[in-house]
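The values are calculated or read from the model by the stated rules, or taken from the named source; none is laboratory data. Keep in mind the model is a prediction, meaning the values are calculated, not measured. With ideal geometry, Cβ positions are generated from the backbone for all residues, glycine too; neighbour counts draw on all protein chains shown.
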Amino acid sequence: MKWIEVSVQTANEAVEAVSNILIEAGSQGVSIEDRQDFLQVPDDGLGQVWALDEADFSTEGVIIKAYFPETLFLPEILIDIKERILKLTTVGLAIEPNILTVAEVTETNWATAWKKYYHPLKVTRFLTVVPSWEDYEPKYEDERIIRLDPGLAFGTGTHPTTRLSLHSLEASMIGEETILDVGTGSGVLSIAAKALGAGKVYAYDLDDVAVQSAYDNIQLNEYAQDIQVSANDLLKGVEIKADIVVANILAEIIVPLIPDAWEALKPNGLFLTSGIIESKKGTILSHLREQGFEISQILQMKDWVAVIAQKPAEEE
């Protein structure tokens with residue numbers, strides 16, 4: 001089957017908005033080529049899951065690629081895409097260089113080519129993330145394997161925020177915990193929790209694509225198939241009492257989540273947050289302390305921060 005690749009070169013701050021425009025126009029997902037991904041590949045002595053080439057990345061802005069069936073009437077769709085992107089400037093978003101190109105590709109060219117960049121990655125002392133198509137045998141007795149099919153949802157273990165979350169989980173768990181994973185994305189944190197001995201795990205995401213991605217990845221790991229994954233807006237309406245709430249999401253979303261995480265946690269429960277850029281660390285710590293959380297540990301990798309906070313035991 002032939003597909004039409006629509007490529008938009010835009011400013012970094014417009015990535016989310018442009019991606020949303022392309023998806024609403026009918027693309028089933030987008031790929032994002034950001035030179036910062038090359039410059040900021042984690043190097044912590046544990047090896048890398050990415051094998052990137054600097055030449056693959058533009059030195060100006062970010063390139064977002066979307067794919068549409070050739071059966072669609074593309075000229076009409078392109079006009080709408082261009083107009084909506086231009087309107088982003090009215091809300092203060094930079095869109096330059098704003099270059100849109102179109103190319104014809106075959107499904108086999110884009111559907112599997114990206115797989116060459118992924119390899120097994122030892123993320124923590126115990127956890128190794130392995131792409132679903134790779135043959136891999138544990139190297140030592142305590143190694144726990146997370147099978148993952150990187151797709152449309154965020155979270156493959158390569159980004160510092162995901163790594164920090166996995167380190168936080170490993171440092172916090174003793175086994176049999178009830179865990180709520182908010183903004184599950186690919187489901188990697190929920191699967192990791194089961195690999196580390198969690199009892200019950202509930203995974204939530206507002207995005208239906210992420211929910212399906214998490215479900216598919218859960219099925220790749222036999223020990224994790226009792227994870228309950230569903231669409232939900234953060235913790236709204238969730239009445240489960242948890243030992244750990246983990247959220248690898250943006251700092252702006254963590255702030256309104258804090259009161260709900262407090263209510264969801266048992267006394268002595270832990271709230272593990274990541275996705276926090278260093279400049280937002282003070283804001284998150286302030287809101288956590290105002291809620292009553294005690295800060296147990298702060299982890300950092302490059303410009304990204306994770307926080308382990310504890311809800312104190314009830315006073316007798």
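For residues that are among the small types (G, A, S) and assigned to a loop (DSSP other than H, G, I, E, B), scanning just the stretch 284-313, find the one that is nearest to F271 (Cα to Cα).
By that ranking, first place goes to G292.
Tell me which residues, restricted to the stretch 226-235, are outside any strand (DSSP E or B) and out of contact with any helix residue (DSSP H, G or I) (no Cβ under 7 Å at 6 or more places or on another chain).
D226, N232, D233
So in the stretch 204-225, with the set limited to residues that are assigned to a loop (DSSP other than H, G, I, E, B) and touching a residue at least 24 places away in the same chain (Cβ under 8 Å), which one is surrounded by the fewest Cβ atoms within 10 Å (Cβ to Cβ)?
Checked the stretch 204-225; the qualifying residue surrounded by the fewest Cβ atoms within 10 Å (Cβ to Cβ) is L206.
If you take the residues of the stretch 137-155 that are more than 14 Å from L220 (Cα to Cα), of a type outside the set (A, V, I, L, M, F, W, C) and surrounded by 11 or more Cβ atoms within 10 Å (Cβ to Cβ), which of them is modelled with the highest pLDDT?
Only one residue tops the list, namely E143.
Taking the residues in the stretch 265-280 that are out of contact with any Leu (no Cβ under 6 Å at 6 or more places or on another chain) and either at pLDDT below 95 or not assigned by TED's automatic domain parsing to the domain that holds T178 (or both) as candidates, determine which candidate is nearest to V182 (Cα to Cα).
This residue is I276.
Check the stretch 170-187 and report whether any residue there is part of a loop (DSSP other than H, G, I, E, B), charged (D, E, K, R) and touching a residue at least 60 places away in the same chain (Cβ under 8 Å). Talk me through it step by step, then tell me what you get.
Quick first cut of the stretch 170-187, residues part of a loop (DSSP other than H, G, I, E, B) only: 173-177, 183-187.
Among the residues that remain, those that are also charged (D, E, K, R) are: 176-177.
Restricting the remaining residues to those that are touching a residue at least 60 places away in the same chain (Cβ under 8 Å) gives 177.
Yes, some residue in the stretch 170-187 is part of a loop (DSSP other than H, G, I, E, B), charged (D, E, K, R) and touching a residue at least 60 places away in the same chain (Cβ under 8 Å).
Those residues that are at pLDDT below 95 and within 24 Å of the chain's Cα centre (by Cα), I need them from the stretch 300-316; list them, please.
Quick first cut of the stretch 300-316, residues at pLDDT below 95 only: 300-305, 313-316.
Within the stretch 300-316, Q300, M301, K302, D303, W304, V305 meet the criteria.
Any residue at all in the stretch 97-115 that is modelled with pLDDT under 90, surrounded by 13 or more Cβ atoms within 10 Å (Cβ to Cβ) and hydroxyl-bearing (S, T, Y)?
No, every residue in the stretch 97-115 fails to be modelled with pLDDT under 90, surrounded by 13 or more Cβ atoms within 10 Å (Cβ to Cβ) and hydroxyl-bearing (S, T, Y).
Does the stretch 237-253 hold any residues that are modelled with pLDDT of 95 or more and either of a type in the set (S, T, Y) or assigned to a helix (DSSP H, G or I) (or both), and which are they?
None - no residue of the stretch 237-253 is modelled with pLDDT of 95 or more and either of a type in the set (S, T, Y) or assigned to a helix (DSSP H, G or I) (or both), so the list stays empty.
Mind listing whichever residues of the stretch 260-275 are within 24 Å of the chain's Cα centre (by Cα) and either loosely packed, with under 13 Cβ neighbours inside 10 Å or among the hydrophobic types (A, V, I, L, M, F, W, C) (or both)?
Within the stretch 260-275, A261, W262, A264, L265, L270, F271, L272 meet the criteria.
For the stretch 254-281, which residues satisfy the criterion of being in a strand (DSSP E or B) and either over 17 Å from Q297 (Cα atoms) or of a type outside the set (F, W, Y) (or both)?
L265, K266, P267, N268, G269, L270, L272, T273, S274, G275, I276, I277
Among the residues of the stretch 161-193, which ones are of a type in the set (D, E, K, R) and either surrounded by fewer than 24 Cβ atoms within 10 Å (Cβ to Cβ) or modelled with pLDDT under 95 (or both)?
R163, E170, E176, E177
Output the residue which, of all residues in the stretch 230-248 that are under 15 Å from the mean Cα position of the chain (by Cα) and buried (at least 22 other Cβ atoms within 10 Å of the Cβ), is nearest to G175 (Cα to Cα). If you could, list the steps in order and put the result at the bottom.
First, the residues of the stretch 230-248 that are under 15 Å from the mean Cα position of the chain (by Cα): 234, 246-248.
Keeping just the survivors that are buried (at least 22 other Cβ atoms within 10 Å of the Cβ) gives 246-248.
On the way: V246: 15, A247: 19, N248: 21 Å.
Among residues in the stretch 230-248 that are under 15 Å from the mean Cα position of the chain (by Cα) and buried (at least 22 other Cβ atoms within 10 Å of the Cβ), the one nearest to G175 (Cα to Cα) is V246.
Quick one: L196 ticks every box in (1) within 18 Å of S274 (Cβ to Cβ); (2) of a type outside the set (S, T, N, Q); (3) free of Cβ contacts under 8 Å to residues at least 60 places away in the same chain bar one, so which box is it?
So L196 meets the others, but not (3).
Just name the residue that is farthest from the chain's Cα centre (by Cα) out of those in the stretch 276-293 that are surrounded by fewer than 12 Cβ atoms within 10 Å (Cβ to Cβ) and within 24 Å of P160 (Cα to Cα).
Within the stretch 276-293, the match that is farthest from the chain's Cα centre (by Cα) is S286.
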